[in-house]
Amino acid sequence: MELANGRSKLEELERVITEFQDQLFRFAFFRTGTFADSQDIVQDVFIKLYHENNNLDSIKNIKHYLYRSIANACVDYHRKSKKLKFESIDTATLPGHMQEREISENLIQIEEYNRLERLLAELPEEQAEIIRLRVFDNLSFVEIASILEIPVTTIKSRFKYGIDKLKVGITTSKEVNYGL
């Protein structure tokens, strides 16, 4: 089947996967806490996208559609599991393409990620999630509001309050570490 843009449905799906897979995985990981379950959720959403939509061009905002689908799948995941179990990024089994070599090359980034996650864990979850979506996934406030189905003003205020709390946490952390 050829779409309006001249691509086949499979080619369009490949493009969508390439463009959004990593950020959707992060989004799912922050909501489930496990590497394997996050992979499964993202894969299931892409499979449903392919099978349930005859024309991927007909989806007005594919990014919103995918984030909303992942959010809904994560809610279903929590209903089924009834428990939230977080897996450290250090202990997660990574796919073959991200083994030792790449991890050692990115050790500083992983350590920084872990430090940020510890700081974000101190925030209320609704503030931490918005900061993750804005900073890690580079989503606009409007996109976040659309995905979470919350007014933009609420998104902005939660972001601001979360950032303010992070600043205090970072300052306190430096004072403790440096004996200030």
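Can you pull out the trypsin sites (Lys or Arg not before Pro) in segment 44-77 that DSSP calls coil and that have at most 13 other Cβ atoms within 10 Å? Show your work: numbers first, answer last.
Working: sites: K48, K60, K63, R68; in loops: K60.
Filter output for segment 44-77: K60.
Enumerate the calculated ³J(HN,Hα) couplings along segment 28-40 in order (Karplus 6.51 cos²θ - 1.76 cosθ + 1.60, θ = phi - 60°), each rounded to whole Hz, writing x wherever the residue is Gly or Pro.
5, 4, 5, 8, 9, x, 10, 5, 5, 5, 5, 4, 4
As a quick test, which of the pairs K9/K60; K63/K156; K9/K48; K48/K80; K80/K160 have an alpha carbon distance above 24 angstrom in this structure?
K80/K160
Provide the per-residue ³J(HN,Hα) series for segment 126-136, in order, calculated from phi with Karplus coefficients 6.51, -1.76, 1.60 and θ = phi - 60°, each as a whole number of Hz, with x at glycine and proline positions.
So the Karplus estimates, Gly and Pro as x, are 5, 6, 4, 5, 5, 5, 4, 5, 6, 8, 6 Hz.
Using every alpha carbon pair in segment 14-59, what percent of pairs falls into each 10 Å bin from 0 up to the bin containing the largest distance?
Using 10 Å bins, I get a P(r) of 27, 50, 21, 1 for segment 14-59.
Rule-based calculations on the coordinates, nothing more; no lab input. Model, not experiment: these values are computed from the prediction. Heads up, the Cβs are rebuilt from the backbone with ideal geometry, glycines too, and the neighbour counts pull from every protein chain shown.
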